[in-house]
Structures are given as structure tokens and as C-alpha cells.
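Student: The structure follows.
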Amino acid sequence: MQDTQMSPVVTQTSPGNLTQFEYLALNSPLNLSDGHARQELTPTQGRIIDELPSLWAEAVKRPVEEVEREAHRTYFELLGQRSYPATDGRVLSCYSSSVAMEIFARSLATATDAIALVHPTFDNIPDILKGVGLRLVPLEEEVLHGGDLPADLLRSVGCVFVTTPNNPTGRVVSEQRLRALAAQCAEHGVVLTLDTSFRGFDTRAHYDHYAILEESGCRWVVIEDTGKLWPTLELKIGWLVSAANVGLPLAKVYSDILLGISPLVMSMVRRFAEDAAGGGLAELHRFIATNRTILRERLADIPGVTFPDPDSRASVERVHLGERTGLDVWTALREHHVYALPCQQFHWARPEEGAHSLRIALSRSASSVVKAAEALRSVLLAG
């Protein structure tokens, strides 16, 4: 879900939520704020855009269900999710993962009043959940990845919500941990929900989650997202996928909000997934790794600066600023027309824990990352 795009009116110096920070950056040539894909198209992706008229003509003629089924298959299988429920209407296509998240939250609120949510994570997730009246219980990453969840926690909530890979830390729930989490949730009758919006960037998250979830017998929901992978000008799909026994009115709430999404977008996503399967995904991984190296190398010798997520492969990178605050550095960077994201609001339960960090988006041209890194270096060295 993570990294929504809205158009709020923002006039204050320090915006309220992370999306408002991102909104301020949309018109900047050095926008390293939001996690959406904004790098240049590769040559093969450019040829897909050239195909749009023929994709339009094809989408007009073919049954929507057929176009949608092909988009499902190519995208899910690209990322190793071969056991997704392909045939019984349990994959709901949404305009974005944020819409999928809203549908999920409204559905969950009919069955429980409390949810355990991974901490930290992107703040529009807790905002949407709180917006439907749910009480949030922080689930610290160290607890999530460290072993069995406390039984008292599971008895106190109706759902456990995990972002994997997490935004902003990049931490991935391993196959072994997912198996254990699913078993615990099944034992306690708790819904296990995964937001996998950044899955495409990390092969460690490409094991078949759906096989494990189905085998566990737990009630589960997964939110998928195409919007972080490819620079498609916000033409994307958020998929809301669920267990047959989930016991939530997902389809009803879905029908309250939308009828479906454009078959043209489905066809385009299918073609981008086919291109990725043919080598484009590996190329993207190399591209993100190169940008991460550029950023780290240009800041590595600055006193107090560290990188708290050394194993992250996500398309974002946290920078810990030492004694400097993220908001102060963000303000100084604006003088250079560079935008990043202060990390306070990721720590939705205890914002002070993120007060000294920035998050840098890496799905940008290498030249933009270089310029932004040099500006950040200048600001940090100036104190």
C-alpha cells in the first residue's frame, strides 16, 4: 500500500503526514521523496508505451475477465506467487493499493475493533486503519522477526498487519517466519494481512506466500501493488487478495467503491510484467543497487551519518543523520530544490524514534540521485 498520491492543500512549513510532504515535491526536478517509480523508461518499456494504441484496440474487443486474468497471471508469477487464487473471484483489482487498503480496513472494522500493526511503517496505513475506528497496537519489527508473537497480543486483536518488505526499513518476512505467523494466526482465529507493495525489489520475498497461507488454514488478506516497480505515470493496479474463509465483506465493500479498473491498464501491466520476466526485473534490481551505492558512497565519510538498513533492497534508503533532525535537514534541502522524506511519521506510535532520519527514494535517474546526494552532503557538512 504505502506512498499514496493525493492533492491536499498544504500551506504550512511542516506538513502533517508523509503524503503531504511528498505532494510538495511533485513538481521538483529533484524529487526523491515518494516511493513511486519515476526513473526513465528502459528501451523495451518505451516500446510498450508505443503499443498503447494496439493495446487499447485489443482491450475493447476482448472480455474484461480474460484481460484481467492474464494480468493476474503474468504479474503474480513474475514474483513467484504461483499459488494465488486464480479462479474464484478472490483477486479484486483496484486503482491503487491505497484503495485496496481502504476496502480492507472498512471490511475489517465490521469484525473487530483492534489490529496489531508493524512499527515503523508508512503512515497512511495507520491513518486509514484509524480512520475506520480501529485501535492500533504497535508490533515492533524486532518482535515480528524474532520469534512467536505474544499470546496476549494475539488475544487482544482481530488482525495482524505486516508490511513485507517493509517501508522504510526493507526488512523481509522470511518463509520460515511467515509459516510460523500464519500458524499462530490460525490458532488464535486472527486475520493475517500482508502489504507486499515493495515485493518486486527483493528476491528474498519471491517465495510463494500464497502456498504457505493456504496451507496454514489461517484467514488471510494480501495487498499487492504494481505502482512501485515501473514508471507508468500512476497507471497501476492494487490487488486485494483473500482467503476463501476470510469472513470479511471484501467483495461487498469493493462494490460500494468501484466496478473495476481499466482493461487498458491491465493490458499495460501484463506487458510490463512480461518485459520484467524477460530480464527487465533483474535490470531494475541492478539499477536500484547502483543508486543505493551512489548515495552511500557520497555520504559515507560525513560524521554521524549512518545507514540503518544495510541489507535493504527496496527502492528507498534511510539515512540516519546523527544529531541533526530530519525536519531541519529537509528544510535546508528545499533551498537546493531537493526533496526527501523525514522519517518521524513512519514511527506512527512513537514519532521521536524517527526524528533523526531521512528516507531517500532510489527509483530516480542516476543523475538525480547524484545531484541530490551532493546537495545532502553539502547541507550536512554545513551543519
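Student: Taking 7 Å along the Cα-to-C-beta vector as the label spot, tell me the GLU66-SER156 distance in nanometres, rounded to one decimal.
Tutor: Placing both labels 7 Å along Cα→Cβ, they lie 5.4 nm apart.
Student: Residue separation times 0.36 nm, minus the C-alpha to C-alpha distance between ILE49 and ASP311: what's the value?
Tutor: Details: separation 262, 0.36 × 262 = 94.32 nm, distance 3.37 nm.
Working it through step by step, the gained length comes to 91.0 nm.
Student: I want the local charge near GLU353. Using Cβ-Cβ distances under 14 Å, sum +1 for each Lys or Arg and -1 for each Asp or Glu among the other residues. Could you put the intermediate results ahead of the total?
Tutor: Working: positive: ARG318, ARG350, ARG359; negative: ASP123, GLU140, GLU141, GLU142, GLU352.
Net charge around GLU353: -2.
Student: Just the isolated ones, please: cysteines in the chain lacking another cysteine beta carbon under 4.7 angstrom.
Tutor: By the Cβ distance rule, which asks for a partner under 4.7 Å, the isolated cysteines are CYS94, CYS159, CYS343.
Student: Here's another thing I want to ask about it. So how much accessible area does TRP348 have, in Å² to the nearest 10, using a 1.4 Å probe?
Tutor: Accessible area of TRP348: about 50 Å².
Student: What's the ranking of 143-154, 111-122, 170-181, 36-47 by average number of surrounding C-beta atoms within 10 Å, highest first?
Tutor: Working: 143-154: 14.2, 111-122: 21.2, 170-181: 19.2, 36-47: 16.1.
Sorting 143-154, 111-122, 170-181, 36-47 by mean packing, highest first, produces 111-122, 170-181, 36-47, 143-154.
Student: Here is a further query. Taking square-rooted eigenvalues a ≥ b ≥ c of the alpha carbon gyration tensor, is the range 295-359 rounded, prolate or oblate, where a/c under 1.5 means rounded and, failing that, a/b exceeding b/c means prolate? Intermediate values should be presented prior to the final figure.
Tutor: Values: a/c = 1.38, a/b = 1.05, b/c = 1.32.
Because its axes are fairly even, with a/c under 1.5, the range 295-359 counts as rounded.
Student: Report, by chain and number, residues whose modeled amide H sits under 5 Å from the one on LEU117, excluding near sequence neighbours (fewer than 5 apart, same chain).
Tutor: Under 5 Å from the amide H of LEU117 lie the amide H atoms of VAL137, LEU139, PHE161, each far enough along the sequence or on another chain.
Student: Lys/Arg Cβ at +1, Asp/Glu Cβ at -1, dipole of the chain taken about the Cα centre: which of VAL253, HIS336, ALA86 is farthest positive-ward?
Tutor: About the Cα centre, the residue reaching furthest to the positive side is HIS336.
Student: Enumerate the lysines that LYS252 could reach by cross-link, defined here as Cα to Cα under 30 Å, with residues fewer than 8 away along the same chain left out.
Tutor: LYS61, LYS130, LYS228, LYS236
Student: Count charges around PRO310 for me, please; just the other residues with Cβ under 12 Å from its Cβ, Lys/Arg as +1, Asp/Glu as -1.
Tutor: Values: positive: ARG171, ARG292, ARG296, ARG313, ARG318; negative: ASP309, ASP311, GLU317.
Result for the local shell: +2.
Student: Leaving out ligands, DNA and RNA but keeping every protein chain, what accessible area does TYR339 have, in Å² rounded to the nearest 10, with a 1.4 Å probe?
Tutor: Rounded to the nearest 10, the figure is 30 Å².
Student: From the protein chains alone at 1.4 Å, what is the descending order of accessible area for HIS188, HIS336, largest first?
Tutor: Correct descending sequence by accessible area is HIS336, HIS188.
Student: Could you state the principal axis extents of the C-alpha atoms in the chain, from the largest down, to the nearest angstrom?
Tutor: 59, 56, 39
Student: Under a 5 Å amide H to amide H cut-off, with H placed in plane at 1.01 Å, what residues pair with ASP309 once short-range neighbours are removed?
Tutor: Placed amide hydrogens put ARG318 under 5 Å from ASP309.
Student: Full-extension gain between GLU142 and GLU40, please, as 0.36 nm times their residue separation minus the C-alpha to C-alpha distance. Don't skip to the answer; put the middle values down first.
Tutor: Working: separation 102, 0.36 × 102 = 36.72 nm, distance 3.63 nm.
Taking 0.36 nm per residue and subtracting the Cα distance, the gain is 33.1 nm.
Student: For PRO231, what charge total do you get from the other residues with a beta carbon under 11 Å from its beta carbon, if Lys and Arg give +1 and Asp and Glu give -1? The partial results should precede the final answer.
Tutor: On the way: positive: ARG38, LYS228, LYS236, ARG364; negative: GLU40, GLU234.
Result for the local shell: +2.
Student: Once you have the Cα-Cα distance between SER174 and LEU381, take 0.36 nm times their residue separation minus that, and quote the gain in nm to one decimal. List each step's numbers first, then the result.
Tutor: Details: separation 207, 0.36 × 207 = 74.52 nm, distance 3.85 nm.
Answer, rounded to one decimal: 70.7 nm.
Student: Under 19 Å from a point 7 Å along the Cα-to-Cβ line of GLU323: which residues of the range 259-303 have their amide N that close?
Tutor: Only 301-303 pass the distance filter.
Student: Sort 291-298, 156-163 for me by packing, meaning the mean count of neighbouring Cβ atoms within 10 Å per residue, highest on top.
Tutor: Values: 291-298: 17.1, 156-163: 23.4.
Packing order, densest peptide first, comes out as 156-163, 291-298.
Student: Diagonalise the Cα gyration tensor of the range 120-267 and give the resulting equivalent ellipsoid semi-axes, square root of 5 times each eigenvalue, largest first, whole Å. Intermediate values should be presented prior to the final figure.
Tutor: Values: eigenvalues 122, 70, 50 Å².
Semi-axis lengths for the range 120-267 are 25, 19, 16 Å.
Student: Would you please give the FRET efficiency between SER262 and ARG82, computed as 1/(1 + (r/R0)^6) with r the Cβ-Cβ distance and R0 = 35 Å, to the nearest 0.05?
Tutor: Working: r = 26 Å, r/R0 = 0.74.
Result of the calculation: an efficiency of 0.85.
Student: How about the range 51-132: which trypsin sites (Lys or Arg not before Pro) there are in a DSSP loop, with at most 12 other Cβ atoms within 10 Å of their Cβ? It would help to have the intermediate numbers written out before the result.
Tutor: On the way: sites: LYS61, ARG69, ARG73, ARG82, ARG90, ARG106, LYS130; in loops: ARG82, ARG90.
Answer in residue order: ARG82.
Student: From the protein chains alone at 1.4 Å, what is the descending order of accessible area for GLU317, GLU102, GLU323, largest first?
Tutor: Details: GLU317 0, GLU102 65, GLU323 175 Å².
Listed by decreasing accessible area, they come as GLU323, GLU102, GLU317.
The values are calculated or read from the model by the stated rules, or taken from the named source; none is laboratory data. Small disclaimer: the values here were computed from a predicted structure and weren't measured. Cβ atoms come from the backbone with ideal geometry, glycine included; neighbour counts cover every protein chain shown. For accessibility, only protein heavy atoms count, side chains too; no ligands or nucleic acids. Shrake-Rupley method; radii C 1.70, N 1.55, O 1.52, S 1.80 Å.
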